[in-house]
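Below is one structure, written out as structure tokens, with a few remarks after it.
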Amino acid sequence: MAKVYISGKITGLPFEDAYKLFEEAEQEVIKLGGVPVNPTKLLEQIEGWTWEDFMEKDLGFLLRCDGIYMLRNWASSKGARCEYALAKELGLTIEFQK
């Protein structure tokens with residue numbers, strides 16, 4: 001089964017709200033036949049980490065996936081736009097949340 005990275009806005013949202021959006025997306029990825037890779041579950045909030053620190057880890061997760069699942073709010077996230085650009089450049093399968 002294909003591993004599918006979930007991408008969307010996290011910065012600027014209460015973490016609990018972002019976590020819920022990503023958790024719901026996990027179920028959608030499973031229904032599409034993929035194995036979800038949820039960055040909100042792979043990293044804990046690390047005090048003192050910068051946006052760049054999180055992106056370094058997230059892009060590493062994305063590099064080990066076969067596809068990416070873009071949440072509805074992805075376009076308003078600098079990080080998700082970076083993840084989309086990398087996925088597109090790598091030729092990964094790209095799915096958009098409906």
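Each value in this text was obtained by applying a stated rule to the coordinates, not by laboratory testing. As the structure is a computational prediction, the values presented were derived from the model and not from experiment. Backbone-built Cβ (ideal geometry, glycine too); neighbour counts: all protein chains shown.
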Checklist entry - Out of the DSSP beta bridges found with both residues in the chain, what percent are antiparallel (nearest 5)? => result 0
Next on the checklist: Going Cα to Cα from Lys3, which lysines come in below 21 Å? Please leave out same-chain ones fewer than 8 positions away.
Outcome noted: Lys20, Lys31, Lys41, Lys57, Lys88, Lys98
Next on the checklist: Could you give each residue of the range 64-70 its phi-based ³J(HN,Hα) in whole Hz, using Karplus coefficients 6.51, -1.76, 1.60 with θ = phi - 60°, and x for Gly or Pro?
Outcome noted: 9, 10, 9, x, 9, 10, 8
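Calculate the dipole size of the chain relative to its Cα centre from +1 charges on Lys and Arg beta carbons and -1 charges on Asp and Glu beta carbons; express the result in debye to the nearest 20. Could you put the intermediate results ahead of the total?
Details: 12 positive and 16 negative charges, 78 e Å.
For this selection, approximately 380 debye.
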Item to check | Set of the range 1-44 residues, backbone N closer than 19 Å to the point 7 Å along the Cα-Cβ line of Asp66 | outcome: 1-7, 26-39
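Taking the Cβ of each residue in Val35, Val29 as the centre, tally the other Cβ atoms inside 10 Å and list the residues starting with the fewest. Present the calculation step by step, with values, prior to reporting the outcome.
On the way: Val35 14, Val29 22.
Fewest-to-most Cβ neighbours within 10 Å comes out as Val35, Val29.
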Checklist entry - Taking neighbour counts of Cβ atoms within 10 Å as a proxy for exposure, in what order, fewest first, do Met55, Met1 appear? => result Met1, Met55
Item to check | Per-residue ³J(HN,Hα) for the range 27-38, Karplus 6.51 cos²θ - 1.76 cosθ + 1.60, θ = phi - 60°, Hz, x for Gly and Pro | outcome: 5, 5, 5, 4, 5, 7, x, x, 9, x, 10, 9
Checklist outcome for this item: Counting only residues 5 or more apart in sequence or on a different chain, those whose built amide H sits under 5 Å from that of Ile94 are Ile68
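Calculated from DSSP H runs of 4 or more alone, at -39500 (n - 2.57) each and per residue, what is the 222 nm mean residue ellipticity of the chain, nearest 500? If you can, show how the numbers build up before the last one.
Values: 4 runs with 47 residues, N = 98.
So the helix-based figure for the chain works out to -15000 deg cm²/dmol.
Taking the Cβ of each residue in Leu63, Leu21 as the centre, tally the other Cβ atoms inside 10 Å and list the residues starting with the fewest. Intermediate values should be presented prior to the final figure.
Details: Leu63 12, Leu21 18.
Least to most surrounded, the residues fall as Leu63, Leu21.
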Item to check | Under-5 Å amide H pairs with Ala2, H placed in peptide plane, nonlocal only | outcome: Val35
